[in-house]
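Down below is the structure, laid out as structure tokens.
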Amino acid sequence: MVALAVPVSLAALAGVGEPPTPLAVAEPTHASPAGDPAAAVALSCSGAASPAEVVPATNAVVAARMCDTDSGVAAWFAPQDGLHEGLEPLLAVLTDAEAVPETSGSGDRYFCTDDGGYGFDLRLALGSGEVVSIPGDTGGCSTVRIGGADLVGSDEVLATFLEALDAQRADARPPAAVEPLDLGCRNAEPPVDHRLSLIGDPSDLVSAVTCWRPDADETPPWRDRKQVPVRALAVLVDDLTASSRLAGGFGEPSCPDGYYTQDLVGLTRRGDVVAVRGVCREFLTTPPRFIATGTTDVDLELPYWTPSPRAQRILDGLRR
């Protein structure tokens, strides 16, 4: 145990295994946890925390923090703020998690996909002042580890945490300061996407860089990143907030300078890293939570932005 410190792809499972051994859970209680905002602020991702041997009792947990771990497959940024409201659903998901069966009913090994996922370290602050760690990864069998056992359900754990944090933010002011994070146009091989958060809203951007490619059909590398001036970014954010419309996909973007790709990658006032993705003069401004929840509805309409002439002049200038 440590004291508090200050600072999706979905796995497909096949086969029917033997009934899993029930997970040890702390003495159940019907009392709701009294979340502690100060504990949520103090809960840190730095340093080590003792692995959770059991799922803590519901009324013992006062805050939670999701920390990102880079497995080398799906690099991402976890939220910078801790959770102190809506803890019950998160703890319920952990309590209901079942162990990964060792074999299928036919005696074959239990099958899990080999896809990559988001690695995380969920930290729970207890009323005693101690912090316990529950690591997980949404790839492969989509597991979390508690008491030395691998339990199925990390996708649901991550989604439940983000949903609760999104609801908590609706009534909370942004923090006075957030940690500056690296904003870049990733050019690693094989081609990878920008390193982003799974929560956040492009209309909250306070700093950003631009990345572009002269041929939209090409894969990275991107051209050298360029910082967006603060005043120019304010114009862009106001414009995308006022002019975004719902659509089922990109339309027929105007490309007088050729068919190019231009993205804005930025930091929000809550410390999330989000991307506004553009093809010529049309941009997808989807908050990342739509993507994080694994929505596959082809009829889903998402927000798209066609910049005003003033905003487009700024974007054009950032490619020169």
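Quick notes on this one:
- Once the Cα-Cα distance is subtracted from the 0.36 nm per residue extended length, the residue 88 to residue 320 segment shows a gain of 78.4 nm.
- Carbon/sulfur fraction of accessible area - region 55-188, other protein chains in place, 1.4 Å, %: 47 percent
- Gyration tensor (alpha-carbon) shape descriptor, region 34-186, a/c threshold 1.5: oblate
- Cut-off 16 Å, label 7 Å out along Cα→Cβ of residue 259, residues of region 268-285 by amide N: 278-282
- Karplus (6.51, -1.76, 1.60) ³J(HN,Hα), θ = phi - 60°, over region 237-243, in Hz, Gly and Pro reported as x: 5, 4, 5, 5, 5, 7, 10
- Taking all protein chains into account, the per residue accessible area for region 37-90 stands at 38 Å² (1.4 Å probe).
- Extension gain from residue 206 to residue 310, taking 0.36 nm per residue of separation minus the Cα-Cα distance: 35.5 nm
- For region 136-207, the Stokes-Einstein estimate of translational diffusion at 4 °C and a viscosity of 1.567 mPa s comes to 84 µm²/s, using the Kirkwood hydrodynamic radius over alpha-carbon pairs.
- Nearest-10 value in Å² for the accessible area of residue 68, using the 1.4 Å probe: 50 Å²
- Region 155-284: C-alpha gyration tensor shape, a/c 1.5 cut-off, then a/b vs b/c: prolate
- Inter-site label distance for residue 171 and residue 115 at 7 Å from Cα along Cβ, in nm: 3.5 nm
- Solvent exposure of region 125-270 amounts to 49 Å² per residue of accessible area, where only protein heavy atoms count and the probe is 1.4 Å.
The values are calculated or read from the model by the stated rules, or taken from the named source; none is laboratory data. Just so you know, these numbers come straight off a predicted model, no measurement behind them. Every residue, glycine as well, gets a Cβ built from its backbone with ideal geometry; the counts of neighbours run over all protein chains shown. SASA here: full protein model, heavy atoms, side chains in, ligands and nucleic acids out. Shrake-Rupley method; radii C 1.70, N 1.55, O 1.52, S 1.80 Å.
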